[in-house]
Structure formats: structure tokens, C-alpha cells
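Shown next, in C-alpha cells, is the structure this report addresses.
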Amino acid sequence: MKSVLLIGMGQVGQLLGEKLLNMGNEVMIVDKDENIINTVASKYTGAVICNCMVSDNLKALDIPSYDACVVTIADDFQSSLEITSILKDLGAKYIIAKANTDIQRKFLLRIGANEVIYPNRDMAEKLAVKINSEQVYDYFELDATYSIFEIAVPEKWIGKTIRQTNPRTKYGINILTIKKDNKYMPTPTPDTMFESNDKIVVFGNTEQILLFTNKQK
């Protein structure tokens, strides 16, 4: 369980907060909008209405006590920048800040953020991948080169085993697990047979996997 300070309860903040709660974390939320806080406060470990650009307001929250501080202010980059700087000065252990551009990312990292996220860009990239190939159900980018994908089992693989299709050698694809009837198989073996409606979770080079899925259309 982690303790998280979440600053900015816009759409991204609320979605992130709910996910963190569902994972069993303690989440303190902060926003200057009284209406937003009053609407969602009952879900969280704690809630504060304040202007986080005032150092004393953040100081009162005992910033070093949190495992992570997340700044998800959507419409005011200057505020995000100043709040990130204040959190750093107050001894935050780990700061995650939201950015919309690479320039914003550079400034946030320079001012003290440990990690910068791009929710809008990440959503656009995921949507583009799904539109590009109807075989892709979900994917997670590990770095600029490698990703994990959940994809439909190719029709020509149905009735064959992992050994027979040999995806690692032929396509550079490593099968991590197989999803059958919405349940994941923990340890598929080389003799596991692919069936109709199976989904496979694979790891490999992002471009190589996308090229593979496009060929399955």
C-alpha cells in the first residue's frame, strides 16, 4: 500500500484517484475548487480545499510523509510548474507531473519532477494503434522500442500449438500468456493449442508486432 498526494481533481486526477483507491492505496486529494472536492471527498482518505501555489498550504500537508505526490493540473502549466517546484523544496520523495508537450516535460523535470506523464498523448497513441489494427485489444509501452500487446490469435494458428507456430523464431514474438474465456493461463507450454476466440499477450519489438498484426487482417 502506498500513500499518495493527488493535486488537481480534473478528469485525469479523478480517474487516477479511483484507480489508486481500487488498488488499496491511501489517497489524499487537493484542489482549489470547493465544488469538486465536496463532490468526491467521501471516496478518499482525506481531502483539502486550498491553493497549492501557496507554499504554507502544502507545508501543512506534511509532504515528506507521502510515497508519491502527483500533480495533474490540466489547464494551467504555470501553476503545475510552481507546485512541482514547491513540492521539491518541501522534501517530496517522488513527484509525478502531467505535461502536454515535450517542452513542458523538460521544464518539469528541470524544476524537480521525477517522472512526467502524457495522458492525452498516451491515449491518442493507444487509440491510433487500435484503429490501425483491429487485432489489437490493448498494449503497454515499456520503452521506445518494446511493448506488451494483447492481440487476437491469428486465424491460421487456430488448432495449432505454440511449438508448431513457433512465434519467437518466425516473428520475433514472445508469448507471455493466453487468454481463454476471459481467463489468463498462467503458464502456457509449447504444446498449448490455440483455439478460436483466444487472445494472446505477447512481448516484443513494438514495430515488429504492429507489422505482424497488420498482416493478420
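The values are calculated or read from the model by the stated rules, or taken from the named source; none is laboratory data. Please read these numbers as outputs of a predicted model, since none were measured by experiment. Note that we place each Cβ from the backbone using ideal geometry, even for glycine, and neighbour counts take in every protein chain shown. For the accessible areas, the whole protein counts, side chains as well, though only heavy atoms, and no ligand, DNA or RNA atoms are used. Shrake-Rupley method; radii C 1.70, N 1.55, O 1.52, S 1.80 Å.
Could you grab me the full set of residues in the stretch 71-90 that are at pLDDT 95 or above and not in a helix (DSSP H, G or I)?
Matches in the stretch 71-90: V71, L90.
Taking only the stretch 125-150 into account, find how many residues are assigned to a strand (DSSP E or B), of a type in the set (V, I, T) and either at pLDDT below 90 or at positive phi (or both). Talk me through it step by step, then tell me what you get.
Initially, the stretch 125-150 is screened for residues assigned to a strand (DSSP E or B), giving 136-141, 146-150.
After this cut, where a residue has to be of a type in the set (V, I, T) as well, the list is 136, 148.
Add one more test, that the residue is either at pLDDT below 90 or at positive phi (or both), and what stays is 136.
Within the stretch 125-150, residues that are assigned to a strand (DSSP E or B), of a type in the set (V, I, T) and either at pLDDT below 90 or at positive phi (or both) number 1.
Considering (1) open to solvent by less than 40 Å² (accessible area, probe 1.4 Å); (2) hydrophobic (A, V, I, L, M, F, W, C); (3) closer than 21 Å to V12 by Cα; (4) in a helix (DSSP H, G or I), say which one A97 fails and leave the rest.
In the conditions (1) open to solvent by less than 40 Å² (accessible area, probe 1.4 Å); (2) hydrophobic (A, V, I, L, M, F, W, C); (3) closer than 21 Å to V12 by Cα; (4) in a helix (DSSP H, G or I), A97 misses (4) alone.
Inspect all residues belonging to the stretch 202-209 and state whether any of them is touching a helix residue (DSSP H, G or I) at 6+ places or on another chain (Cβ under 8 Å) and in a loop (DSSP other than H, G, I, E, B).
No, every residue in the stretch 202-209 fails to be touching a helix residue (DSSP H, G or I) at 6+ places or on another chain (Cβ under 8 Å) and in a loop (DSSP other than H, G, I, E, B).
Name the single residue that is nearest to N51 (Cα to Cα) among those in the stretch 9-31 being modelled with pLDDT of 95 or more and open to solvent by less than 10 Å² (accessible area, probe 1.4 Å).
The qualifying residue nearest to N51 (Cα to Cα) is V30.
Would you check which residues across the stretch 36-61 are open to solvent by 90 Å² or more (accessible area, probe 1.4 Å) and at pLDDT 95 or above and list them? Lay out the reasoning, then the answer.
So the first thing to find is which residues in the stretch 36-61 are open to solvent by 90 Å² or more (accessible area, probe 1.4 Å), and the list is 38-39, 42-43, 45, 56, 59.
D56, K59 - these are the residues of the stretch 36-61 that are open to solvent by 90 Å² or more (accessible area, probe 1.4 Å) and at pLDDT 95 or above.
Filter the stretch 1-54 for residues that are assigned to a strand (DSSP E or B), touching a residue at least 40 places away in the same chain (Cβ under 8 Å) and over 20 Å from S80 (Cβ atoms) and give the result. Full working, then the answer.
First, pick out the residues of the stretch 1-54 that are assigned to a strand (DSSP E or B): 3-7, 26-31, 46-49.
Subsequent filtering for residues that are touching a residue at least 40 places away in the same chain (Cβ under 8 Å) retains 3-7.
Within the stretch 1-54, just S3 meets the criteria.
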